[in-house]
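Peer 1: Pasting a structure here, questions to come.
The values are calculated or read from the model by the stated rules, or taken from the named source; none is laboratory data. Since this is a predicted model, take the numbers as computed values, not measurements. Every residue, glycine as well, gets a Cβ built from its backbone with ideal geometry; the counts of neighbours run over all protein chains shown. Ligands, DNA and RNA are stripped out before the accessible areas are found, and what is left, the full protein with its side chains, is counted by its heavy atoms. Shrake-Rupley method; radii C 1.70, N 1.55, O 1.52, S 1.80 Å.
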Amino acid sequence: MADPDFDVLILGAGSGGYACALRAAQLGLTVGLVEKGNVGGTCLHVGCIPTKALLHAAEVADQTRESEQFGVRASLEGIDMAGVNAYKDGVVQRLFKGLTGLIKGRGITVIEGAGRLTGPREVTVDGKAWTGRHVVLASGSSSRSLPGLEVDGERVITSEHALRLDRVPASVVVLGGGVIGCEFASVWRSFGAEVTIVEALPRLVPAEDEASSKALERAFRKRKIAFRTDTRFHSVKAGDSSVAVTVEGAGGEQSVIEADLLLVAVGRGPVTEGLGYDEQGVTMERGFVLTDDRCRTNLEGVYAVGDIVPGLQLAHRGFQQGIFVAEDIAGLDPRPIDEAGIPRVTYSHPEVASVGLSEADAATAYGADGIETVSYDLGGNGKSQILKTQGFVKLVRRKDGPVVGVHLVGDRVGELIGEAQLIYNWEGYPEDVAPLVHAHPTQNEALGEAHLALAGKPLHAHS
Amino acid sequence: MADPDFDVLILGAGSGGYACALRAAQLGLTVGLVEKGNVGGTCLHVGCIPTKALLHAAEVADQTRESEQFGVRASLEGIDMAGVNAYKDGVVQRLFKGLTGLIKGRGITVIEGAGRLTGPREVTVDGKAWTGRHVVLASGSSSRSLPGLEVDGERVITSEHALRLDRVPASVVVLGGGVIGCEFASVWRSFGAEVTIVEALPRLVPAEDEASSKALERAFRKRKIAFRTDTRFHSVKAGDSSVAVTVEGAGGEQSVIEADLLLVAVGRGPVTEGLGYDEQGVTMERGFVLTDDRCRTNLEGVYAVGDIVPGLQLAHRGFQQGIFVAEDIAGLDPRPIDEAGIPRVTYSHPEVASVGLSEADAATAYGADGIETVSYDLGGNGKSQILKTQGFVKLVRRKDGPVVGVHLVGDRVGELIGEAQLIYNWEGYPEDVAPLVHAHPTQNEALGEAHLALAGKPLHAHS
Amino acid sequence: ETPVPSTPAAPAAAASVQVLAKPPVRKLAKDLGVDLRSLTPTGPNGTVSRGDVEAAAGAEPAGVSTGS
Ligand SMILES: Cc1cc2nc3c(=O)[nH]c(=O)nc-3n(C[C@H](O)[C@H](O)[C@H](O)COP(=O)(O)OP(=O)(O)OC[C@H]3O[C@@H](n4cnc5c(N)ncnc54)[C@H](O)[C@@H]3O)c2cc1C
Ligand SMILES: Cc1cc2nc3c(=O)[nH]c(=O)nc-3n(C[C@H](O)[C@H](O)[C@H](O)COP(=O)(O)OP(=O)(O)OC[C@H]3O[C@@H](n4cnc5c(N)ncnc54)[C@H](O)[C@@H]3O)c2cc1C
């Protein structure tokens, strides 16, 4: 290639793409960033940020509804969805403006329009071909559906439609009990809707440690969020003002659930079709782009990051991979990312968070005799009592070895995952953490107590 | 001594005393725990726990009052102090029950009554002398006042009275802008009172980094919490239904502030008078018991822990010292505690938290040229935007060295101090933290961003 | 003593700073009085492992002095 237009040419400006662009520019590389929508991608516009804004409005609604138990006399008069949306959109807009400024400030060339890989290091946008010494594929993901399940955007909707709803539905069926399904179920319930979650696997948030699923299910039961696990979608009949969803239990028995809406939250598929990846010979599998542990595809100089690469579909994984690729291109020789060391949070009420291995996975990896676990109940944690939240901190360690898994359930525990991730990724021993007594009264103290217990010296817990 | 009654005899069952008892019992030592009030001490009954319950009720009140901006229509009808107190007392009672059960479960002998050190290893309670192979002094602290300032418990009160108030005062003068003063100011303001803080030093929370004080002052100004720094108490005139407080500015000019109540929050003094410490020859200074870095007093076999020992007056410092002493007695040779590594949190709205050195102290220790700092504004942090809170993460590192100070301001940031404390105490470098991209969107992500910036690779921040 | 990064931190290329061991291991080494630079690293990516430090300090494998 004679003289490429950019050192790094990136297709897609979501979490993975823009993080790569920002870091590459910082390292003195010239960057072209192709985006057909808005920089920030799914996460900023129709993912992480708007959903968490809804979840915060939901928290405010719950606190207001339940304020009496704290001695605060108040009445919840209703949810003003126009107001909720204005708040949500305001947060998105402010962050969008900040991101746009950052990208501009670092001298990145944003190329607006839909791009296609038209050569091994060439992306064509609106008939114009751009070349890069390196190309980074970062076209992200979109909501998937099931065979025979048609999303109409009115009665049968995806998360994207759900984020634009101008009303609180009276009732919803949520298809899929993973992170996104549980988050929307939580929001709608807080806003007053009747919610039923349908999950094909035996438990909610099935990617989490079994104990976390159990605790979330218990909490949802208390909140009167109905859920049917081991239950599959069979068919749906959408009427003018409602849907009738037929589902099938483990034994094959069918039943019908009626509701205002059906949210399809059965996972997200890669956005790679028709983008020329195939034609250029990129190795793919079921639509995903395959890479080695340095985010390299089989094509020389072509990388892939974010949701198009099999693994956790999380914004900060995209950030991490994007930064990694920029540093790899710049010759900084960064260390491969340990996928298990990426923290996971479900921001429902209560929250579920984890890093490292579940107990089951750790037992597989090290043998059931090779691990030890401890659970610290938030009932013993002052701050959690003050918040009136329930849950636990569960730790998994290798016997006489480091902590290899941290699992948390409870309101606000997502914020504790930062500490947990350091312990996991730095291969801390409970004995390293135990002497560092935590601030009282905080929820992070519960993490400290769990480490004290695992180190054989429980403080506020029975030995 | 022939045959002492206990291996460890502890005077006072507050945070320091009971933690020592629990750990000692766990290590197989026999323990006597002398307490004249309730096990749990200041922290559980009239300190950390009840104040944080009030602060949570305050948060609920604020969220309800300001719910409209999140699209939640609600009205705050008032604060039901009986309800607030019932909630607060309920939390205390539940934890008290748990602690009582723990103490019992570990086979600790609780000796009820006021004790006095009547021999080098002897404590007398109600005329009965008990002996210990080791004695641990843990009699804690109580509210101090100023010369000429008489606390009447009605108009001129301390935190203990404040926790029992059956009404929300219309207006309060808070004398002292430290942690306790700022926390009560924050609660009362949230409950609707007019609040004025009077602080003799030049800034609120003067023990914190100057930037934290500035940010808290800005936030309080916005909340219309009045404060006068560089201002000293001169005198007070308490009437039937109000107080008139005369204060004196830096230039000596006097002014009078009228209010319903005056809260005296000018610090806490050691509870050591009349307890026989002096007579037994314990080395003391201004009422505090002096120890070496192994919590040992000058008397063989006599230790001291908690608020009676000069230093941070924090419950978890008491825990840490108590555990340390138990392990020291058991011969485990624990490592001395780094006082700077103990996290500090002010649980006001917004919160202030820190661990390690302030910028000023770090500059003194390592030279102004020997340190680097970075501030990450919460304006760039998605979750903080969602919560509509402002503040920052400020880091201080030694040049090419570890992080030696972490300073945080913002709602809920107290929970981030767990991660910060690991970084400080494990002497983490920003470069150790930077590759571990944090969960999005969390507030702990801001800690990650600050470390990225300090490692020279800011992500969501201008370079 | 506090270990120094193996490469000095240059503002733009600071990501290349790679410290010799993970923080808890560095802390352990410090507590046990082991100089990390005196060790032959056997951990991944040429880092000093906990085992290296414990071996140097002559400690038991678990390296824990406070377990009950
Ligand atoms: C409802 C919901 C909630 C979520 N919540 C969280 C959460 O709380 N935390 C979390 O970590 N993750 C969350 N996620 C996941 C997160 O949004 C994704 O993991 C992340 O956005 C993936 O980043 P990416 O860069 O791979 O792709 P995307 O963010 O999808 O970005 C891809 C970009 O490429 C552009 N693009 C695609 N094709 C082309 C083309 N041909 N030409 C030009 N541009 C193109 C798209 O317009 C888009 O901007 C959530 C997702 C959803 C749907
Ligand atoms: C309003 C307020 C809020 C606070 N908030 C926090 C916070 O959020 N976080 C935090 O970390 N710290 C907080 N603190 C500080 C914390 O409460 C103290 O640091 C902690 O309680 C000190 O523990 P201690 O064991 O030294 O003493 P104490 O808790 O004071 O316990 C001493 C015990 O000894 C008993 N005693 C004393 N003399 C005798 C005697 N002669 N015979 C028998 N028994 C005796 C007392 O009855 C008491 O139970 C707060 C304090 C106050 C006042």
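Peer 1: Tell me, which cysteines of the protein assembly as shown are without a disulfide-compatible partner by the Cβ under 4.7 Å rule?
Peer 2: Taking the Cβ cut-off of 4.7 Å, the unpaired cysteines of the protein assembly as shown are A:CYS20, A:CYS182, A:CYS295, B:CYS20, B:CYS182, B:CYS295.
Peer 1: Can you pull out the buried accessible area for chains C and B, both sides counted, probe 1.4 Å, rounded to the nearest 100 Å²? Spell out each step's value before the answer.
Peer 2: Details: alone 4810 and 21140 Å², together 24290 Å².
Protein heavy atoms only, the C-B interface buries about 1700 Å².
Peer 1: Next question. List the distances, in nm and shortest first, from the label point of A:PRO310 to the matching label points in every other copy, placing each point 7 Å from Cα along the Cα-to-Cβ direction.
Peer 2: Label point to label point, same position, other copies: 6.5 nm.
Peer 1: Another question about this same structure. Tabulate in residue order the Karplus-calculated ³J(HN,Hα) for segment A:25-39, using 6.51 cos²θ - 1.76 cosθ + 1.60 with θ = phi - 60°, rounded to whole Hz; enter x for Gly and Pro.
Peer 2: 4, 4, 8, x, 8, 8, 10, x, 10, 8, 8, 8, x, 10, 4
Peer 1: Taking N as the number of residues in segment A:17-127, what is its Cα Rg relative to 2.2 N^0.38 Å? Numbers along the way, then the final one.
Peer 2: Numbers: Rg = 20.2 Å, N = 111, 2.2 N^0.38 = 13.2 Å.
Compared with the compact-globule rule of thumb, segment A:17-127 sits at 1.53.
Peer 1: Show me you know the interface measure: the accessible area buried between A and B, both chains summed, probe 1.4 Å, in Å² to the nearest 100.
Peer 2: Values: alone 21150 and 21140 Å², together 34540 Å².
About 7700 Å² of accessible surface is lost on pairing.
Peer 1: Sort A:ILE79, A:ILE111 from largest to smallest accessible area, using a 1.4 Å probe on the heavy atoms of the protein chains. Present the calculation step by step, with values, prior to reporting the outcome.
Peer 2: Working: A:ILE79 30, A:ILE111 10 Å².
Descending accessible area places them as A:ILE79, A:ILE111.
Peer 1: Be a star and scan segment B:135-175 for residues whose amide nitrogen sits under 14 Å from the point 7 Å along the Cα-to-Cβ vector of B:SER235.
Peer 2: B:148-150
Peer 1: Kirkwood Rh and Cα-based Rg: tell me the resulting Rg over Rh for segment A:1-63, rounded to two decimals. Before the final figure, lay out each step's value.
Peer 2: Values: Rg = 16.7 Å, Rh = 13.5 Å.
In segment A:1-63, Rg relative to Rh is 1.24.
Peer 1: Next question. For segment B:261-310 and segment B:90-152, what is the separation of their C-alpha centers, rounded to whole Å?
Peer 2: Each part's Cα centre sits 14 Å from the other's.
Peer 1: What percent does the relative contact order of chain A come to when contacts are Cα pairs within less than 8 Å and at least six residues apart? Don't skip to the end; give the middle numbers.
Peer 2: Values: 992 pairs, mean separation 68.2, N = 463.
Relative contact order comes out at 15 percent.
Peer 1: What do you get for Rg/Rh of segment B:108-153 when both radii come from the Cα atoms and Rh is the Kirkwood radius? Walk me through the numbers on the way to the answer.
Peer 2: On the way: Rg = 15.3 Å, Rh = 13.2 Å.
My calculation puts Rg/Rh at 1.16.
Peer 1: Kindly give the distances from A:ARG286 to its copy-mates, label point to label point, with each label point 7 Å from Cα along Cα→Cβ, as nm values to one decimal ordered shortest first.
Peer 2: Copy-to-copy label distances for A:ARG286: 6.8 nm.
Peer 1: Just to be sure I understand the curve: with the Debye formula and one point per C-alpha of the protein assembly as shown, what is log10 I(q)/I(0) at q = 0.06, 0.07, 0.08, 0.09 Å⁻¹?
Peer 2: -0.46, -0.62, -0.82, -1.03
Peer 1: A further question on this structure: In terms of Cα to Cα distance under 17 Å, which lysines are near enough to B:LYS214, apart from those fewer than 8 places away along the same chain?
Peer 2: Output for B:LYS214: B:LYS222, B:LYS224, B:LYS394.
Peer 1: Provide a list, ordered by number, of residues in segment A:384-411 showing at least 40 Å² less accessible area with every protein chain present than when their chain is taken on its own, using a 1.4 Å probe.
Peer 2: Buried-area filter returns A:GLN385, A:ILE386.
Peer 1: What's the ranking of B:97-107, A:394-404 by average number of surrounding C-beta atoms within 10 Å, highest first? Mind dumping the intermediate values first?
Peer 2: Details: B:97-107: 15.1, A:394-404: 21.0.
The most tightly packed comes first, giving A:394-404, B:97-107.
Peer 1: Rolling a 1.4 angstrom probe over the protein chains, ignoring ligands and nucleic acids, what is the accessible area of A:LYS214 in square angstrom, nearest 10?
Peer 2: Approximately 110 Å² for this residue.
Peer 1: Still on this structure: For B:HIS349, A:HIS462, write out the residues from largest to smallest accessible area, computed with a 1.4 angstrom probe and no ligands counted.
Peer 2: Working: B:HIS349 55, A:HIS462 130 Å².
Listed by decreasing accessible area, they come as A:HIS462, B:HIS349.
Peer 1: For segment B:425-442, list whatever residues lose no less than 40 Å² of accessible surface once every protein chain is in place, relative to that chain by itself, with the probe at 1.4 Å.
Peer 2: Buried-area filter returns B:ASN425, B:TRP426, B:GLU427, B:TYR429, B:GLU431, B:ASP432, B:LEU436, B:VAL437, B:ALA439, B:HIS440, B:PRO441.
Peer 1: Still on this structure: Take the alpha carbon atoms of segment A:357-425, find their center, do the same for segment A:52-74, and report the distance between the two centers in whole angstrom.
Peer 2: 28 Å
Peer 1: Still on this structure, please answer the following. Binned at 5 Å from 0, what are the whole-percent values of the Cα-Cα distance distribution for segment B:293-396, short to long?
Peer 2: 2, 10, 15, 15, 14, 13, 12, 9, 5, 2, 1, 0
Peer 1: Describe numerically, in nm with one decimal, the distance between label points set 7 Å from Cα along Cα→Cβ at A:GLU150 and at A:SER375.
Peer 2: Spacing of the two 7 Å Cα→Cβ label points: 4.6 nm.
Peer 1: I need the calculated FRET efficiency for the pair B:ALA2 and B:ASN298, taking r as the beta carbon distance and R₀ as 30 Å, to the nearest 0.05.
Peer 2: 0.80
Peer 1: Taking only protein heavy atoms into account and a 1.4 Å probe, give the accessible area per residue of segment B:304-350 in Å². Numbers along the way, then the final one.
Peer 2: Details: 1240 Å² over 47 residues.
Using a 1.4 Å probe on heavy atoms only, each residue of segment B:304-350 averages 26 Å².
Peer 1: For segment B:271-341, what does the alpha-carbon gyration tensor say about shape, rounded, prolate or oblate, given a ≥ b ≥ c as the root eigenvalues, a/c under 1.5 as rounded, and a/b over b/c as prolate? Display every interim value, and only then the final one.
Peer 2: Numbers: a/c = 2.14, a/b = 1.36, b/c = 1.58.
Note, shape of segment B:271-341 comes out oblate.
Peer 1: In Å, what Rg and Dmax follow from the Cα atoms of segment B:72-135?
Peer 2: Considering segment B:72-135 through its Cα atoms, Rg and Dmax are 20.9, 65 Å.
Peer 1: Hey, another quick one. Percent antiparallel among DSSP beta bridges with both residues in segment A:142-286, to the nearest 5? Write down the numbers at each step before the final one.
Peer 2: On the way: 14 of 28 bridges.
Among the beta bridges of segment A:142-286, antiparallel pairing accounts for roughly 50 percent.
Peer 1: Of A:LEU149, C:LEU20, which has the most accessible area with a 1.4 Å probe, and how do the rest follow in descending order?
Peer 2: On the way: A:LEU149 10, C:LEU20 45 Å².
Of A:LEU149, C:LEU20, the descending order of accessible area is C:LEU20, A:LEU149.
Peer 1: Ordered shortest first, which distances in nm separate the 7 Å Cα→C-beta label point of A:SER235 from those of the other copies?
Peer 2: Spacings between copies for this position, smallest first, are 9.1 nm.
Peer 1: What FRET efficiency would be calculated for the residue pair A:GLU68, B:GLU279, taking the C-beta separation as r and a Förster radius of 45 Å, to the nearest 0.05?
Peer 2: On the way: r = 53 Å, r/R0 = 1.19.
According to the calculation, E is roughly 0.25.
Peer 1: Measuring from the lowest to the highest alpha carbon on each principal axis, how far does chain B reach, largest first, in angstroms?
Peer 2: Dimensions of chain B along the principal axes of its Cα atoms: 70, 61, 47 Å.
Peer 1: Ignoring ligands, DNA and RNA, please state the percent of accessible area on the protein assembly as shown from carbon and sulfur, probe 1.4 Å. All intermediate terms of the calculation are to be shown ahead of the outcome.
Peer 2: Numbers: 17650 of 36550 Å².
With neighbouring chains kept in place, the figure for the protein assembly as shown is 48 percent.
Peer 1: Only bridges whose two residues both fall in chain B count here: according to DSSP, what percent of them are antiparallel, nearest 5? Intermediate values should be presented prior to the final figure.
Peer 2: On the way: 48 of 78 bridges.
Taking every DSSP beta bridge within chain B, about 60 percent pair in antiparallel fashion.
Peer 1: Please work out the average accessible area per residue across segment A:104-157, using the 1.4 Å probe convention, and give it in Å². Numbers along the way, then the final one.
Peer 2: Numbers: 2720 Å² over 54 residues.
With the other protein chains kept in place, segment A:104-157 gives 50 Å² per residue.
Peer 1: For B:LYS104, give me every one of the lysines with a C-alpha distance below 19 angstrom, ignoring sequence neighbours fewer than eight places off in its own chain.
Peer 2: A:LYS457, B:LYS36
Peer 1: With no solvent and one point on each alpha carbon, what is the Debye value of log10 I(q)/I(0) for segment B:177-235 at q = 0.19, 0.21, 0.26 Å⁻¹?
Peer 2: Treating every Cα as an identical point scatterer, log10 I(q)/I(0) equals -0.62, -0.75, -1.11.
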